[in-house]
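All remarks here apply to the structure that follows.
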Ligand code: SF4
């Protein structure tokens, strides 16, 4: 992302997410993955986000500071759970155009709200729409990401991701580990083959491939060797998928 101005749309007091990834650096998700379960005052308003961005970027301009390469929505959970996410993006585009026209707007999302047309349309307006896809087989996704929505369906998810018509970047974390006595490994041949089939359908700009790098929610999660990630990337490249390995 280059130099990135991070924006956390989520309440500061605790992680809010619709997934419960075993590798999450924010720890386990404790209830409340559904935006409707949060009180309205848990989130900054779109006006507050706009004012904060305006203030920060104006200060940087006036201080002759290097302007950010990107304005990145991430934070302690899933940014698209903000109930007015679309309005936040609209206002961010306006501020960016006025004060930092060269900065990319980036969203890091787990993709769990792509069924919401407002969120989907907003993601089409950003420069880097980065969506999570942590494996090829449904049971592996369930074990790794543990979506809170019991009707989460991997095939449906791939369908949503394909509707971006290629204006999407996929982010995949590869790991091995044992959680609750179950061995989890999304680097197996079968897993990678299924993952590549999904990517062929999604046709992303490129895929970000990376290992765990910080503390994880579950114990006993292993960092996959770089060589394994490079082999997976080679397989994807041979199938016509652009990849970038981060290690
Ligand atoms: S989607 Fe991101 S924030 Fe949510 S549990 Fe997974 S890693 Fe953590």
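The values are calculated or read from the model by the stated rules, or taken from the named source; none is laboratory data. What you see is a predicted model, and the numbers here were worked out from it, not measured in a lab. Cβ sites come from the backbone with ideal geometry, for glycine too, and all protein chains shown count toward neighbours.
Structure above, values below:
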{"read-out": "Where a residue in the stretch 212-226 is within 16 Å of residue 184 (Cα to Cα) and assigned by TED's automatic domain parsing to the domain that holds residue 247 and its partner, wherever it lies, is away from the ligand (no atom under 16 Å from the Cβ) and not in a strand (DSSP E or B), with Cβ under 7 Å and at least six apart", "value": "224/187"}
{"read-out": "Residue list for the stretch 30-55, filter: part of a helix (DSSP H, G or I), modelled with pLDDT under 90 and touching a helix residue (DSSP H, G or I) at 6+ places or on another chain (Cβ under 8 Å)", "value": "35"}
{"read-out": "Matching entry among 235, 214 (being at pLDDT 95 or above and more than 21 Å from residue 139 (Cα to Cα))", "value": "235"}
{"read-out": "Subset of the stretch 84-102 [farther than 15 Å from residue 52 by Cβ and touching a strand residue (DSSP E or B) at 6+ places or on another chain (Cβ under 8 Å)]", "value": "93"}
{"read-out": "Sole exception among (1) surrounded by fewer than 16 Cβ atoms within 10 Å (Cβ to Cβ); (2) within 17 Å of the chain's Cα centre (by Cα); (3) assigned to a loop (DSSP other than H, G, I, E, B) for residue 114, by number", "value": "(1)"}
